[in-house]
Amino acid sequence: MAGIKDVARLAGVSTATVSRALSGNGRVSEQSRARVLQAAKTLDFVVSSTASSLASGRHRNVGVVVPSVARWYYSQIVDSVAASLLEAGYDLTLYNLNEDAGHRDRVLSEFLLRQRCDGVIPVSLELGREELGQLFAVGKPVVGIGGPLPGAETYSVDDHAIAGLATDHLITLGHRR
């Protein structure tokens, strides 16, 4: 498997130039960037996420915390989030709580603090004050899906609006009962 030094040698540039050219961070001439990209392609070089995260401080990984993947609603959300993250070039780490108090505590007090995620998406979690504190102590962006999450932006379904739309649709079709 080719490394960054192999790409640098083939492109005739330094490893720092390879790093800048592949990450898009820093100045690199178009000629050097083209040589680096061609060398990387020739060698089937894949950027090491570990090395890249050491240099950038970003992991290109988002943690998704769900109560249970066994339920249709949560599995649909995980499927949609995973597809969006994949399209954006991010990995997903799934924390499946399985409604187990021990899992819940370990995820909030230990796993998220390992700092391997660039952000956290809790899905329909009702968190107490202490648990909210643990979640925000991670120091990463938090965006909730479904349910209130004080202190974070949250997206949820408007059940009343959906019920109204369904009722209106049925009435328009002529249903009266």
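The values are calculated or read from the model by the stated rules, or taken from the named source; none is laboratory data. Worth saying up front: this structure is predicted, and the values here are computed from it rather than measured. Note that each Cβ is placed from the backbone with ideal geometry, even for glycine, and that neighbours are counted across all protein chains shown. Areas reflect the complete protein model, heavy atoms only, side chains present, ligands, DNA and RNA absent. Shrake-Rupley method; radii C 1.70, N 1.55, O 1.52, S 1.80 Å.
I need the shape label for region 104-170. Rule: rounded when a/c is under 1.5, else prolate if a/b > b/c, else oblate, with a, b, c from the alpha carbon gyration tensor. Because a/c hits 1.5 or more and a/b exceeds b/c, region 104-170 counts as prolate.
Magnitude of the charge dipole for the chain, about its Cα centre and with charges confined to Cβ atoms of Lys, Arg (+1) and Asp, Glu (-1), is about 880 debye.
Quick one: grab the alpha carbon gyration tensor of region 59-160, order the square roots of its eigenvalues as a ≥ b ≥ c, and give me rounded if a/c is under 1.5, else prolate or oblate depending on whether a/b is larger than b/c. It is rounded, given that a/c, with a ≥ b ≥ c, falls under 1.5. Between region 61-124 and region 1-39, what's the alpha-carbon centroid distance in Å? Between the Cα centre of region 61-124 and that of region 1-39, the gap is 35 Å. Note: relative contact order over the chain, using C-alpha pairs below 8 Å and six or more positions apart, is 15 percent. List residues of region 81-112, by number, whose backbone nitrogen lies under 11 Å from a label position 7 Å along Cα→C-beta of ARG71. Residues 98-99 fall inside that zone. Charge dipole (Cα centre; +1 on Lys/Arg Cβ, -1 on Asp/Glu Cβ; no other charges) of region 59-160 amounts to roughly 340 debye.
For GluC sites (Glu not before Pro), the sites in region 91-136 that DSSP calls loop and that have at most 13 other Cβ atoms within 10 Å are GLU99, GLU126. In the complete set of protein chains, residue-level accessible area for LEU113 is approximately 80 Å², probe 1.4 angstrom. Under the combined filter of DSSP loop state and at most 15 neighbouring Cβ atoms within 10 Å, region 1-51 retains these trypsin sites (Lys or Arg not before Pro): ARG27.
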